[in-house]
Amino acid sequence: MVRRAPLSWSLRRARLMTISVFDLFSIGIGPSSSHTVGPMRATRRFVTELDERGLLEKTSRVTVRLYGSLAATGIGHGTVPAVLLGLAGKRPELVTPEEVTAEIDRIRATGMLALAGRAPIAMSEKDVTLHPLTQLPPHPNGMTVLAYGPADTVILEQTYFSTGGGFIATEEELTDTTEAPATTGPFHSAAELLRICEQTGSAVSEVMLRFETTLRPEAEVRRWLLQIRDVMWDCVARGVSRDGELPGGLRVRRRAADWYRRLSAEDPDRDPALAWDWVNLVAMAVNEENAAGGRVVTAPTNGAAGIIPAVLHYATHYTPAGAADPDEVAVRFLLTAGAIGSLYKERASISGAEVGCQGEVGSAASMAAGALAEILGGTPTQVENAAEIVMEHSLGLTCDPVAGLVQIPCIERNAIAAAKAVNAARMALRGDGTHQVSLDTVIATMLETGRDMSDKYKETSRGGLALTVPVNMVDC
C-alpha cells in the first residue's frame, strides 16, 4: 500500500524569492538533477556535518534509505552511485564522468568507502535501501541518511529532499514558513517583473542583471554566464562526437553524431531553412550526453538540459543580434531565462516527481521561449507572452521514463520542446503582448495540474510509456 504524503504546495508560498541564475544553471553530471545531482549534494552535506561535529572519525558505518520517486527510478537515474559519491566527498559540479566510474568501481571491488575522502568505512550499494511505495512529507524525493558510531548507535540522522534542479533541503528548511527577508530579490511574480520593466524602461534581462549584481560584480556575472554557455557548447561537442549505445539496458542508439556528420555536409553555411534540424540536433546531443552520465548544465533540470542550449544555439546563429555579438546574446538570453525560471522554481515546481514533466521540460521551454523573444527584439510583455504560450501547451505533460532511464521519451522530448519554444517566441512577436492568460496564471495552473496528476505519471515509471512499452533489459 502506498503511504501518500501531503506535498509542499502551500509551504513555499510564504518564502517567495528571486532565485539566482547561477542556482538555476549549475554544472553537474547526468542523468538526473533531482535523482543524481541532488542526492550527491545531500550526502556530501551529511558528511560535512559529521566532520563539523567531530563525528567523522567516530563513524563506523552509514546507511541510506531512498523513498518515493528516488527509489522508484533511482536505479535507472544513477541515484545509488550518486549517494556513495557524495559520501566520499565528491561534488557534482567538479567530479568528472571518468572519476565517477573509477570511484564506483573501487567501492564495488573493495567494499570500502572513504567518508569525505579520508575516513574509511565498510560500505557498498547494499547499504542503500529502496522504499518506492513510501513517500515522506513534504516531497516525493525523500532520503534519510544515518551514521552509526560506538556500539552501533546512531550518532547522526538527517532527512533530505531533492526538490528538482539539484536543489536540496531538510524537512525543516522545506517547511519553514517564516517570512523571507526583503532583500531576497526584486520580483516574486511575472506581474511584479513586468511592473519593474515598465517603471524603469528595462528589459527583463536588465532587471535580472541588476539583481545578480547585488550578489557579485557585473564583470563576474558576465564571465560566469559565458562559462555556463561554454560548458553547454562543450557538452554539444561531446554529444555529436560519440557513437554507440547509451548505457542502461534499453540499447538506445546514439543518433546525434550521425546526424551531425550528415547535417554538416548538407548545410555548411547554415541555411535558415535547416535551422530546425540544428535545433533538434543540439537538444538531442545534450540529452544523449546526459543519459550517458556526462557533464551537462542543469537548465533548470538535467532531464530538460537540452532545451535551453538548443534555443540559445538558434539565437546565436539565426538572429541578427546573435550574428552581431554572440557573447552579449548569450548573457541576455541566460539572464532572461533565469528570471522566468525563478518564477517556476518558487511559485510552482521544476521537479518531475512533484508535478510531472510539465515542470521540467515545460518550464525549460518556457524559459527558452521568453529568452528568445527578448533576443528577437520583443518587449517585456511579449517575453512574458512567449513564456506563457509554451507552458499553456505543456500542461499535463507526464514524466514516464521507460525503464526508469532518462532516454525514452526524454531525449526526443527535449528536441520537440525546443522547437515549440522557438515557435512560441515567434508567435509572441507577431502580437503586441496582450493576451488572455498571464504567465502567473499558467504557472499556478501547472502547479494545480501537478497536484491532480496521478503519482504513476510523476517519475515513478509506473504509468504511461514506462508501463506500456515492452523492454528487454539485457545488461542491467
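The values are calculated or read from the model by the stated rules, or taken from the named source; none is laboratory data. This structure is a prediction, so every number in the text was calculated from the model and none was measured. Note that we place each Cβ from the backbone using ideal geometry, even for glycine, and neighbour counts take in every protein chain shown.
The number of residues in region 420-476 being polar (S, T, N, Q), crowded, with 19+ Cβ neighbours inside 10 Å and over 21 Å from the mean Cα position of the chain (by Cα) comes to 0.
All of A122, A72, A109 fail the test of being of a type in the set (A, V, I, L, M, F, W, C) and out of contact with any strand residue (DSSP E or B) (no Cβ under 9 Å at 6 or more places or on another chain), apart from A109. In region 205-319, counting only helices (runs of 4 or more DSSP H) that sit wholly within it, none holds 3 or more residues that are under 23 Å from the mean Cα position of the chain (by Cα), modelled with pLDDT under 95 and of a type in the set (V, I, T). Here V95 clears all of (1) within 30 Å of E220 (Cα to Cα); (2) hydrophobic (A, V, I, L, M, F, W, C); (3) loosely packed, with under 15 Cβ neighbours inside 10 Å except the condition numbered (3).
Table: residues versus (1) buried (at least 22 other Cβ atoms within 10 Å of the Cβ); (2) among the charged types (D, E, K, R); (3) in the same structural domain as S189 (by TED's automatic domain parsing).
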| residue | (1), (2), (3) |
| --- | --- |
| V204 | yes, no, yes |
| V236 | yes, no, yes |
| D243 | no, yes, yes |
| P247 | no, no, yes |
| E266 | no, yes, yes |
| D271 | no, yes, yes |
| D277 | no, yes, yes |
| E289 | yes, yes, yes |
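Scanning region 135-166 for residues that are at pLDDT 95 or above and among the β-branched types (V, I, T) yields T144, V145, T153, V154, I155, T159. Only a single criterion out of (1) under 30 Å from L447 (Cα atoms); (2) under 25 Å from the mean Cα position of the chain (by Cα); (3) at pLDDT 95 or above is not satisfied by L194, namely (2).
Can you find even one residue in region 167-174 that is farther than 30 Å from G303 by Cα and modelled with pLDDT under 95? Outline the logic, then answer.
Applying the first criterion (farther than 30 Å from G303 by Cα) to region 167-174 yields none.
Among the residues of region 167-174, not one is farther than 30 Å from G303 by Cα and modelled with pLDDT under 95, which makes the answer no.
For P6, state whether it is farther than 28 Å from E346 by Cα, modelled with pLDDT under 95 and not aromatic (F, W, Y). Lay out the reasoning, then the answer.
Working: farther than 28 Å from E346 by Cα: no; modelled with pLDDT under 95: yes; not aromatic (F, W, Y): yes.
No.
Residue check: is V279 touching a residue at least 24 places away in the same chain (Cβ under 8 Å), among the β-branched types (V, I, T) and closer than 25 Å to G464 by Cα? Considered against the rule, which asks whether it is touching a residue at least 24 places away in the same chain (Cβ under 8 Å), among the β-branched types (V, I, T) and closer than 25 Å to G464 by Cα, V279 comes out as no.
Does at least one position in region 426-434 carry a residue that is closer than 21 Å to A348 by Cα, hydrophobic (A, V, I, L, M, F, W, C) and touching a helix residue (DSSP H, G or I) at 6+ places or on another chain (Cβ under 8 Å)?
Kept after step one, since they are closer than 21 Å to A348 by Cα, are these residues of region 426-434: none.
Within region 426-434 (the criterion being closer than 21 Å to A348 by Cα, hydrophobic (A, V, I, L, M, F, W, C) and touching a helix residue (DSSP H, G or I) at 6+ places or on another chain (Cβ under 8 Å)), the answer is no, since none of the residues qualifies.
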